[in-house]
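**Q** There's a structure below that I have some questions on.
The values are calculated or read from the model by the stated rules, or taken from the named source; none is laboratory data. Keep in mind that this is a model prediction, so the values were computed, not measured. Using ideal geometry, Cβ is built from the backbone for each residue, glycine included, and neighbour counts are taken over all protein chains shown.
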Amino acid sequence: MKKQDLLKWAIRLLLVALGLILASSSFLMAQQKKPIAPAAPAKATSERSAIQEGLGVQDHEIEGVEVVLLEVKRTSGDTITVKWKYRNKTKENKELVKSTSSWSDAYQFSLNAYLIDPVNKKKYLVLKDEKGNPVAARHELKQLVITLAPGQTISTWAKFPAPPAQVEKVSIYIPSVPPFEDIPITK
């Protein structure tokens, strides 16, 4: 190859390299001039609002535990089914129920729950079956205690006699939490 051809080839290579450098620097400058889109705002949800998919939330007497009222529904057989759940918001285990060595231990979440008919000023206790057991969720105690692990929820339910059909709202009383008042009854 002649010196002249070699020189032409080197100049072409240099021009190509220079062109690539200019193109990439132009691209980088254009990227810097683009307005940066702001990040989507974080959803402003607290622990309480995140769990509030139900009819209401009350703090349990055990710190860090919430009770969420999920449903109050008029069901067949002139009954009302009430559903709720317990949620541990902490990073530590929470003991909710300790054994009393009684047959009723498995029903401790609902045994002393009741509802109030504000129209007729009447208290309705959890229904009982023919053996005297509550018509409610049964939760077995492991090692004589029901414990909620961090972030864990436990759902439960109970059936109550239904107030007269014209009663559209009731107040729900669940042990260890403030009452859920004036809750609409769904059908």
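**Q** Residue pairs, Cβ under 9 Å, 6 or more apart or interchain, first in segment 84-108 and surrounded by 11 or more Cβ atoms within 10 Å (Cβ to Cβ), second modelled with pLDDT of 60 or more and among the basic types (Lys, Arg). List them.
**A** Once the first residue is surrounded by 11 or more Cβ atoms within 10 Å (Cβ to Cβ) and sits in segment 84-108, its partners that are modelled with pLDDT of 60 or more and among the basic types (Lys, Arg) give 86/94; 88/94; 105/98; 106/138; 107/138; 108/98.
**Q** Further question: Starting from segment 173-185, keep only residues that are in contact (Cβ under 8 Å) with a residue 24 or more places away in the chain, then list their pairs with residues that are not in a strand (DSSP E or B) and not aliphatic (A, V, I, L, M) whose Cβ atoms are within a distance under 7 Å, requiring at least 6 positions of separation or different chains.
**A** 173/179; 175/112; 176/60; 176/61; 177/60; 184/168; 185/168
**Q** Modelled with pLDDT under 85, of a type in the set (D, E, K, R) and either in contact with a strand residue (DSSP E or B) (Cβ under 7 Å, 6 or more places away or on another chain) or part of a strand (DSSP E or B) (or both) - does that describe any residue in segment 128-151?
**A** Yes; the residues of segment 128-151 include at least one that is modelled with pLDDT under 85, of a type in the set (D, E, K, R) and either in contact with a strand residue (DSSP E or B) (Cβ under 7 Å, 6 or more places away or on another chain) or part of a strand (DSSP E or B) (or both).
**Q** In this structure, is residue 148 closer than 22 Å to residue 54 by Cβ, in the same structural domain as residue 71 (by TED's automatic domain parsing), in contact (Cβ under 8 Å) with a residue 24 or more places away in the chain and surrounded by 14 or more Cβ atoms within 10 Å (Cβ to Cβ)?
**A** In short, yes.
**Q** May I pose another question? Criterion first (outside the structural domain of residue 172 (by TED's automatic domain parsing) and modelled with pLDDT under 85) does residue 24 satisfy it?
**A** So residue 24 passes the test.
**Q** OK, next. Name the single residue that is surrounded by the fewest Cβ atoms within 10 Å (Cβ to Cβ) among those in segment 70-83 being of a type in the set (S, T, N, Q) and assigned to a strand (DSSP E or B).
**A** Here the answer is 75.
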